[in-house]
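The values are calculated or read from the model by the stated rules, or taken from the named source; none is laboratory data. Please read all numbers here as calculations on a predicted model, not as lab measurements. Cβ: placed from backbone, ideal geometry, glycine included. Neighbour counts: every protein chain shown. Note: accessible area is taken over every heavy atom of the protein model, side chains too, but ligands, DNA and RNA are not part of it. Shrake-Rupley method; radii C 1.70, N 1.55, O 1.52, S 1.80 Å.
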Amino acid sequence: MNVSRIFIAFVLAVCFSGAAIARQTVDVVSPFGRMKVEIITSEATGPRPAAIILSGSKGFGSSPYDVIAEHFTRAGLDVYLPHLLTPEDLEKISAMKSAGERIAYYDQRRRDWTRNLSNLMFHLNRRPEHDGRVGILGISLGAENAAIAVLQGLPVDAVVLVDGVPSDQTPSLQGKPPFHLIWGSEDRVYSVASGTRFAEAIKSAGGKASMTMINGVPHDFFLKPDTTQAEEAYRSAIDFLKSELGAD
């Protein structure tokens, strides 16, 4: 990709929650289209690492993502919420009746989603508050998208996958970052076995992978921030990212 062809349009709607936590909405525009990105900055001063969070198939239209972002900003990470799924994507996905339909649609759209993630990295690296360190966390479909983008070369430093992995279990890992998987033991959408196989494939290919099992919870537990299980998962994700990114 010729980055000179990419340009960034900023449409900022800044509001404040608390004394020094700012939220922005930014349009990242490229030859491949326009993507809205919400940015929630931490209270940390000076250059700092970033955490990109990718939603599941219902997008960011739920308040749990605000609570999740707050946990990460409190830990000193700036949070980026890229709306990879367009309103048209969300409408089409919600109308689909079978898993097969959804999987075929995801495969059809994946190239554009991956390109938009690459464009976000270009934008992120131009921001003066960013110190060059990036972690990515994906939830469900977002975990699939995160893993595929990273395995295809997205330049991040650490990856957290929550209840979601790609079906390809033979990743090429030369120069790839460490992975940490977080799984609900009662997940019936992406089985525990699928997560375990992916982690083992990573390690067999010479990469680093760890896994945290959250007992007694179903697929969507990460989006229930008022539970102790979700709190445990947030701590696991944040501790991993801070350790791998070298964050204070």
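Observations, loosely collected:
- Normalised by the number of residues in segment 24-90, the mean separation of alpha-carbon contacts (under 8 Å, six or more apart) gives a relative contact order of 42 percent.
- When the Gaussian network model of the chain links Cα atoms closer than 10 Å, the mean-square fluctuations of 216, 164, 100 top out at 100.
- Charged-residue dipole, Cβ positions (Lys, Arg, Asp, Glu), segment 174-230 about Cα centre, Debye nearest 20: 300
- The candidate values were (1) 12.9; (2) 13.6; (3) 12.0; the one computed from these coordinates for mean projected area of the Cα convex hull in nm² carries the label (1).
- Shape call, segment 83-182: gyration tensor on alpha carbons, a/c limit 1.5: oblate
- Partners for residue 92 among lysines (Cα-Cα distance below 18 Å; same-chain residues under 8 apart left out): 58
- When the chain is treated as a Gaussian network with alpha carbon springs shorter than 10 Å, the biggest mean-square fluctuation among 154, 54, 84 belongs to 154.
- Distance from segment 135-170 to segment 54-73 (C-alpha centre basis), Å: 17
- Residue 197 versus residue 125: modelled label distance in nm, points set 7 Å from Cα along the beta carbon direction: 3.5
- Net charge contributed by nearby residues that have their C-beta within less than 12 Å of residue 191 (K/R +1, D/E -1): -1
- The shape of segment 79-123 comes out prolate: with a ≥ b ≥ c from the C-alpha gyration tensor, a/c is at least 1.5 and a/b beats b/c.
- Relative contact order (%) - criterion: Cα under 8 Å, at least six apart; region: segment 114-205: 24
- Estimated dipole of the chain in Debye, rounded to 20 [Cβ of Lys and Arg +1, of Asp and Glu -1, Cα centre]: 660
- Calculated accessible area for segment 92-201 comes out at 41 Å² per residue, all protein chains present (probe 1.4 Å; ligands, DNA, RNA ignored).
- Shown for the chain: the carbon plus sulfur share of the solvent-accessible area, taken with all protein chains present and a 1.4 angstrom probe, equals 50%.
- Computed magnitude of the charge dipole of segment 132-247 (debye, nearest 20; Cβ of K, R +1, Cβ of D, E -1): 360
- Exposed-loop-free span, longest in the chain, where trypsin sites (Lys or Arg not before Pro) count as exposed if DSSP calls them loop and at most 16 other C-beta atoms lie within 10 Å: 127-187
- Estimated purely from DSSP H runs of n ≥ 4, each contributing -39500 (n - 2.57), the mean residue ellipticity at 222 nm for the chain is -11500 deg cm²/dmol once divided by its residues.
- Entries in 176/242; 203/224; 97/176 that, when Cα-Cα distance is taken, lie over 26 Å: 203/224; 97/176
- Averaged per residue, segment 208-248 has 52 square angstrom of accessible surface, using a 1.4 angstrom probe with ligands and nucleic acids left out.
- The chain - percent relative contact order, Cα under 8 Å, separation 6 or more: 16
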